Amino acid sequence: MSLSDPALQAITFDVGGTLLQPHPTVGAVYARVAARHGYPALPPEALQSRFQDAWRRIQPFHHSRSDWQRLVHEVFSPLTSAPLPDSLFPALYDEFAQPSAWRVFDDVLPTLDALAAQGIDLGIVSNWDERLRPLLAALRLDRYFDCLVISCETGFAKPSPVIFEEALRQLGRPAASVLHVGDELGNDFAGATAAGLRALHLRRDAPSQDLQIQSLRDLLAWTRPPAPSEGRPA
């Protein structure tokens with residue numbers, strides 16, 4: 001079955017790495033906030049590297065406030081001999097609730113506009129915390145989506161089938177009629193397919209192939225109705 005089959009009724013999206021990315025980087029945001037709390041000389045590149053290392057080590061990560069606090073401690077502790085001020089973590093947590101700390105990828109709004117014009121139901125399935133709903137509202141992205149399914153609210157995180165099943169319940173669609181798109185092979189592609197959904201793996205750093213796309217704009221080739229003389233992607 002091709003993704004352009006008429007049975008495709010809805011598309012769900014991951015958020016981080018798919019619709020949004022930290023701006024300009026996590027390390028740069030950390031450095032900016034740290035400078036306001038007594039650490040003016042911490043290099044963004046070192047903070048970025050520490051963040052990536054800590055993100056890989058702290059697993060499973062449940063996106064709770066305590067998980068984020070532990071991660072911040074892992075990032076900053078080796079870079080300073082003084083104890084971290086109590087004000088640093090709350091300031092960082094609040095900073096990433098602000099739209100200024102995020103960038104919407106260039107392919108997002110044109111793709112969502114085109115899909116909405118086709119009448120395709122759209123949803124979010126994201127491993128995130130309580131900051132996501134107000135963040136999407138501030139970025140004016142929430143208006144596109146018929147459902148927002150967030151791990152902190154469901155109590156289950158991708159790749160658990162439960163979080164995808166909740167999206168299907170809210171959309172009122174059978175699994176085979178829903179496509180999930182995300183940038184993580186395990187959480188998004190494998191998680192969605194295990195729950196019975198169709199899936200595409202988004203890799204902006206690699207050419208499109210088979211069930212992998214390089215841009216969200218590539219979705220439109222799969223969803224637009226073909227012209228009478230035009231074939232459909234297999």
Rounded to the nearest 5, the percent of DSSP beta bridges in region 1-152 running antiparallel is 25 percent
Dipole axis of the chain (+1 Lys, Arg; -1 Asp, Glu on Cβ), positive-most option in 51, 214, 195: 51
For the chain, max minus min Cα coordinate along each principal axis, in Å, sorted largest first? 68, 31, 29
Distribution output for region 140-185: share of Cα-Cα pairs per 5 Å bin in percent, first bin at 0, values 5, 18, 29, 29, 17, 2
Bridge orientation stat for region 100-234 from DSSP, antiparallel percent rounded to 5, came to 10 percent
Cα lying deepest toward the dipole's positive end in region 1-96, options 17, 82, 28, charges on Cβ: 82
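With a sphere of radius 13 Å drawn around the Cβ of residue 182, what net charge do the other residues whose Cβ falls strictly inside it have (Lys, Arg +1; Asp, Glu -1)? Walk me through the numbers before you get to the answer.
Values: positive: 158, 198, 203, 204; negative: 14, 183, 184, 188.
Surrounding charge for residue 182 is 0.
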Rounded to the angstrom and largest first, Cα extents along the principal axes for region 40-100 equal 30, 25, 22
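Tell me the mean residue ellipticity at 222 nm calculated for the chain from its helices only (DSSP H runs of n ≥ 4, each -39500 (n - 2.57), averaged over every residue, nearest 500). Could you put the intermediate results ahead of the total?
Values: 10 runs with 85 residues, N = 234.
After summing the helix terms and dividing by the residues of the chain, the value is -10000 deg cm²/dmol.
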Once amide H atoms are placed 1.01 Å from N in the peptide plane, what residues at a sequence separation of 5 or more from residue 124, or on another chain, have their amide H within under 5 Å of its amide H? 13, 147, 148, 149
Amide H neighbours of residue 180 under 5 Å, at least 5 residues apart or on other chains, H built in the peptide plane: list them. 12, 198, 199, 200
Expressed in Å to one decimal, the Kirkwood Rh of region 106-218 from all distinct alpha-carbon pairs is 14.4 Å
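Rounded to the nearest 20 debye, what is the charge dipole size of the chain about its Cα centre when +1 sits on each Lys and Arg Cβ and -1 on each Asp and Glu Cβ? It would help to have the intermediate numbers written out before the result.
Working: 21 positive and 27 negative charges, 37 e Å.
For the chain, the charge dipole is close to 180 debye.
Before anything else, pin down the relative contact order of the chain: Cα pairs under 8 Å, at least 6 apart, normalised by residue count, whole percent. If you can, show how the numbers build up before the last one.
Details: 370 pairs, mean separation 59.8, N = 234.
26 percent.
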Probe 1.4 Å, all protein chains in place: accessible area of residue 180 in Å², nearest 10? 0 Å²
Could you list the trypsin sites (Lys or Arg not before Pro) in region 94-147 that lie in coil according to DSSP, counting only those with at most 12 other Cβ atoms within 10 Å of their Cβ? 140
If you roll a 1.4 Å probe over the heavy atoms of the protein chains, what accessible area per residue do you get for region 19-107, in Å²? 52 Å²
Arrange the peptides 74-80, 214-220 so that the one whose residues have, on average, the most other Cβ atoms within 10 Å appears first. 214-220, 74-80
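The values are calculated or read from the model by the stated rules, or taken from the named source; none is laboratory data. All figures in this text were calculated on a predicted structure; none of them were measured in a lab. Quick reminder, even Gly has a Cβ in these numbers, built from the backbone with ideal geometry, and neighbours come from all protein chains shown. When the accessible area is computed, the model is the full protein with side chains, heavy atoms only, and any ligands, DNA or RNA have been set aside. Shrake-Rupley method; radii C 1.70, N 1.55, O 1.52, S 1.80 Å.
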